[in-house]
Structures are given as structure tokens and as C-alpha cells.
1. Please arrange L40, L146 by how many other C-beta atoms lie within 10 Å of their C-beta, fewest to most.
2. Based on the Cα coordinates of the range 37-239, what is the per residue volume of their convex hull in Å³?
3. Using a Förster distance of 22 Å, how high is the FRET efficiency between S90 and T54, based on the Cβ-Cβ distance and rounded to 0.05?
4. Under a crude label model (7 Å from the Cα following the beta-carbon direction), how far is S47 from A207 in nanometres?
Amino acid sequence: MRTRRVQIARFVAAVLITSGVLLLVDVAITLAWQEPISALIAGHEQSQLRHQLTRLERLSAADERALAAIRDQPAGFAALAGRAQERARSGHALGRISMPSLGSSYVVVQGTDGSSLRRGPGHYPGTPLPGQPGTVAIAGHRTTYLAPFRDIDELHPGDQVVLEMPYGRFVYSVEQTRIVKADAVWVTKPVGYPRLVLTACHPLYSASKRIVVFAKLTEEESRDSSRRTSPTISASESRNTTSQ
């Protein structure tokens with residue numbers, strides 16, 4: 001009987017030691033890279049989102065044919081973006097964000113609630129989509145669920161951020177990075193030109209502040225590259241210019 005108790009005690013001790021080692025490994029990986037379990041979950045979600053994006057591209061192609069009359073006018077992108085916004089559902093695919101200097105690319109979803117951000121970077125619902133006037137805003141995790149925005153502090157002025165939407169490709173040039181209060185809603189307000197902001201918690205492993213990357217739209221082109229234009233400043237945006 002005593003021998004059996006010793007065996008059980010040794011088994012329990014081995015389980016506890018193994019669990020402790022695995023926990024330490026998980027912590028080490030999280031500190032060095034990202035939380036591994038949530039990364040696996042988000043990786044699966046990103047795969048599903050890519051299929052959604054393919055479907056959206058087909059719908060957008062149909063929109064472009066229907067809007068052929070304004071395809072060569074600035075209003076064309078805004079109209080296509082408006083249709084995409086009407087279809088947008090929380091947690092569903094919207095487009096793709098790429099940061100070439102960081103070697104990263106992710107499918108963007110609609111929404112910044114917890115369940116949406118577990119799938120990938122999320123578009124703030126109260127902000128426009130690329131092609132519409134104003135400031136496009138996207139949030140992302142830095143340590144969990146693939147940590148898509150972990151290294152945005154390494155983006156420098158002049159680096160590109162590319163948003164590939166089902167209806168067009170939009171290239172932004174980084175202007176600056178700022179650390180702001182967690183409730184600094186002014187960062188999403190419109191300024192005198194088409195702008196993108198990327199937001200994430202700061203510092204790593206804390207939600208006390210936000211890191212915000214500001215980028216200016218420098219190029220936009222249709223899906224088939226047949227129309228490439230430099231963005232223009234609308235009168236309404238000029239009136240809504242706000243200081244940073």
C-alpha cells in the first residue's frame with residue numbers, strides 16, 4: 001500500500017514539474033515572440049478569413065461593373081467603399097493590411113471588440129474605409145492572437161503601410177508614431193488629407209496607454225491597376241482639419 005502511495009506521489013510530482021516547465025516555456029515564448037496558443041487559434045481564423053476575402057473580391061468586381069460610369073472619377077472609390085461598408089459585419093473580413101518593412105501581412109476584419117480582434121487587426125466601425133474621406137483607423141493586438149501589431153513601434157517615417165481592399169489598393173506613408181492616453185479618441189478624427197492610423201496597447205503586456213502610427217495616403221489604384229491616382233484633399237476634409 002505504501003509503495004502505491006509513493007508511486008502516486010511521484011506521478012503527481014512529475015505532472016506538476018512538467019506543467020511548470022510548460023508554463024515557463026509558454027511565458028518565455030510570449031515574452032520573446034507572442035502567446036503561442038492564441039497564435040494557433042488566430043492562424044486558423046486567418047485561414048477562414050482569406051476565403052471570405054475571395055468572395056468579397058468577386059462581389060466588388062460586380063460592383064465595379066455596375067459603377068462603370070464613375071470608374072474614372074474620384075467618386076468611384078468612395079462609392080465602392082460605401083458598398084463594402086454596407087456589407088461589413090463584425091468579425092468578418094474586410095481587406096488585407098501589409099507592412100513591407102516589417103515583413104507582415106494580415107486579413108483585416110470589421111470591428112474592434114474582443115472577439116473580432118482575436119481573428120486579426122480590426123477596423124474601427126466609426127471610421128471610413130479606404131477611398132472615403134477621413135481617417136481610416138485599425139487596431140491590433142501586440143502579444144496575443146498572432147500579435148499583428150507587435151512591432152509597429154519599428155515603423156519609421158516614410159515606411160509604407162498597404163491596405164488591399166476588394167475594390168482597390170491604397171498605399172500610405174508613415175508620418176510619425178506617438179504614445180497617447182488610452183482614451184485619446186482624437187487620433188481617429190479627420191484631418192486635411194486621407195489618413196490611416198494604427199493603434200495598439202502600450203507598452204507590451206499593458207493596456208495603460210496606446211501606441212499610434214499616423215500615415216498619409218500617397219497612392220491608390222483599382223484592383224486591375226487600370227486606374228492609379230494621387231489622393232486629393234476634399235473641401236470637407238479641409239474644414240475638418242484638426243491639430244495633433
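1. Lowest to highest Cβ neighbour count: L40, L146.
2. 109
3. Calculated value: 0.65.
4. 2.9
Every read-out reported here was derived from the displayed coordinates using simple, explicitly stated rules and does not represent laboratory data. Bear in mind that the values here come from a model prediction, so they are computed numbers and not experimental data. Positions of Cβ are generated from backbone atoms using ideal geometry, with glycine treated the same way; all protein chains shown enter the neighbour counts.
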